[in-house]
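My questions will all concern the structure given below.
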């Protein structure tokens with residue numbers, strides 16, 4: 001029986017291991033380190049192995065090529081993953097920067113609005129204070145003028161006679177026809193009130 005019939009199309013490694021097995025299990029020659037082996041069987045196995053070497057080499061080259069292509073593909077996919085991760089990171093950084101700038105702008109806007117509100121409030125308070133101060137001055141002056149006028153009228157001597165009537169304040173005048181109001185006569189006393197008109 002030939003080797004090809006017992007083991008159809010074995011690979012090179014199987015053939016070499018078969019040769020090693022034959023030599024290992026061969027009968028030893030008495031008083032010698034030699035062994036008895038089947039020359040034809042061993043030669044056939046070795047020749048078959050030699051014939052199969054090109055196939056094994058082609059397969060090995062194909063496997064190396066596949067390995068190289070796989071490595072290139074894996075490297076390319078890895079670079080694509082890294083690029084995608086880098087793009088995502090940049091977008092996240094950009095979004096973070098946009099949010100930071102938006103928060104900063106909003107804070108600046110609020111601060112500006114608060115500052116404007118404080119300024120307007122201070123201006124309004126200053127304006128009201130100025131108006132009240134001016135009104136206080138006018139009121140004080142008017143009060144003093146009224147007091148001076150009343151004092152002057154109080155010190156006016158009672159006339160000897162005439163068409164006028166004397167009121168309880170000592171003011172000379174005439175009674176109105178309907179209302180009973182005191183009508184002041186024209187004279188030097190009216191000049192005091194003319195200064196406020």
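Derivation of every value follows stated rules applied to the coordinates shown; laboratory data play no part. This is a predicted model, so every value here is computed, not measured. Note that we place each Cβ from the backbone using ideal geometry, even for glycine, and neighbour counts take in every protein chain shown.
Within region 38-93, which residues are closer than 30 Å to residue 27 by Cα and without any contact (Cβ under 8 Å) to a residue 40 or more places away in the chain?
Passing the criteria: 38, 39, 40, 41, 42, 43, 46, 47, 49, 50, 51.
Would you point out which residue out of 34, 38 is surrounded by 10 or more Cβ atoms within 10 Å (Cβ to Cβ) and in contact with a strand residue (DSSP E or B) (Cβ under 9 Å, 6 or more places away or on another chain)?
Unique residue meeting the criteria: 34.
Is at least one residue of region 19-26 in contact (Cβ under 8 Å) with a residue 24 or more places away in the chain, in contact with a helix residue (DSSP H, G or I) (Cβ under 7 Å, 6 or more places away or on another chain) and outside any loop (DSSP other than H, G, I, E, B)?
yes
Give the residue, chosen from 119, 91, that is surrounded by 10 or more Cβ atoms within 10 Å (Cβ to Cβ) and under 17 Å from the mean Cα position of the chain (by Cα).
The unique qualifying residue is 91.
Residues of region 27-38 being in a loop (DSSP other than H, G, I, E, B) and farther than 20 Å from residue 49 by Cβ, which ones?
29, 30, 31, 32, 33, 34, listed by residue number.
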